[in-house]
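Just so it is clear, none of the values below were taken in a lab; they were calculated from the coordinates. Please read all numbers here as calculations on a predicted model, not as lab measurements. So basically every Cβ, Gly included, is an ideal-geometry build from the backbone, and we count neighbours across all protein chains shown.
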Amino acid sequence: MPSENSTAPSTGNARALGLVHPVDLVVTIIILLGVGYLFYETTQFDEVSPLFAQNIQPSMYPQLLLWIIGALACFLPFEHILLAKKGKNIDKERSVVVHPLTKVTIAFLIVVVLASPYLGMLLTMITICLVMPRLWGYRKLIPTLAFAAVFPVAVSLLFSKVLSVYFDTGIFGITI
């Protein structure tokens, strides 16, 4: 029985009406609105990175990805049909309470994304690599520190030296 304090969507009265599941329809609309906004943002790109300087517009790859996300989202309202054929009830799984750690993770990632223009790519990645394992319960300090030191540096070197893609250095100007 679902908890009264559950933050999961209440699907008691939101059963599928024919072909379309109402909860999934709302989620699809939200995703498509986000895709539309991000697609508009890609039309505002004005600087071509050296990686994309060979007759390919810088907006091509993100727009292609957004088209794929939008197309896949259009199938969400009909997912219950496929699951019903397999004998599963999509509404039963949605009655499970969202774990509080999920909310903490979302809040942390929003803060980090908002701080990333100031921190720069390298410090943002190091922050995520340091905090996320600890947040999720991994308590071994040495492997976490090694991961936070090696992974961001390797990614930064790959993008800057191999792919010639440069990211903002932030207010501290730290780069590799």
(request) Note down the nm distance, to one decimal, between modelled labels 7 Å out along Cα→Cβ at LYS85 and at ALA149. (result) 5.4
(request) Starting from the Cα gyration tensor of segment 59-113, take the square roots of the eigenvalues, sort them a ≥ b ≥ c, and report rounded, prolate or oblate (rounded when a/c is under 1.5, otherwise prolate if a/b is larger than b/c, else oblate). (result) oblate
(message) Can you tell me how segment 100-162 classifies by the Cα gyration tensor, rounded, prolate or oblate, using a/c under 1.5 as the rounded cut?
(response) oblate
(message) Please list, by residue number, everything in segment 147-176 whose backbone N is under 12 Å from a paramagnetic label point 7 Å out along Cα→Cβ of TYR61.
(response) 159-160, 163-166
(request) Report the label-to-label distance for VAL96 and ILE30 in nanometres (one decimal), using points 7 Å from each Cα along the Cα→Cβ vector. (result) 1.8
